[in-house]
1. Are there any trypsin sites (Lys or Arg not before Pro) in the range 44-121 that are in a DSSP loop and have at most 16 other Cβ atoms within 10 Å? List them by number.
2. Summing -39500 (n - 2.57) over the DSSP H runs of n ≥ 4 in the chain and dividing by its residue number, what mean residue ellipticity at 222 nm do you reach, to the nearest 500 deg cm²/dmol?
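No lab work stands behind these numbers, since they all come straight from the coordinates. For clarity, every value in this text was computed on a predicted model and none was experimentally measured. Cβ placement follows ideal geometry from the backbone for every residue including glycine, while neighbour counts extend to all protein chains displayed.
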Amino acid sequence: MKAYLYRIGFVFYATLIAALSLVNIGAAPGLPKFFDGFDKVVHFCFYLGFSVLLGQAFLEAFSELKTKTLRFWVIGYGLLYGGLIELAQMWLTTFRQADWNDFLANTLGVLVGVAIHPWISTLLANAKSRNN
């Protein structure tokens, strides 16, 4: 089970993003709106986490993966997933709408996640070695 920790976590996280992106938020009265554009910050954070978890899942599955290849696949999957979620909001719901600014926030989250992933991966590896 430990060998699949990041892959399971990633699948759960990606499913959570999809569910939250396709649920009727209007049905939840009293949702706080902290400031204009707060939803863009949420999109950015969701996809930052998405790319870091996906990077770790790839390293878990393919430890010999080169950095450039890893980044290519994480960026590709992140952009594809974010785009598909926006299209699903446009085509599959009547209460949500696709927004290019959401996609831009998703993209920035993915890119920042890919940029900081090596640092986070090193932190996780150091923590794992200390626990062994």
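1. When the trypsin sites (Lys or Arg not before Pro) of the range 44-121 are filtered for loop state and at most 16 Cβ neighbours within 10 Å, Lys66 remain.
2. One gets -27000 deg cm²/dmol as the mean residue ellipticity at 222 nm.
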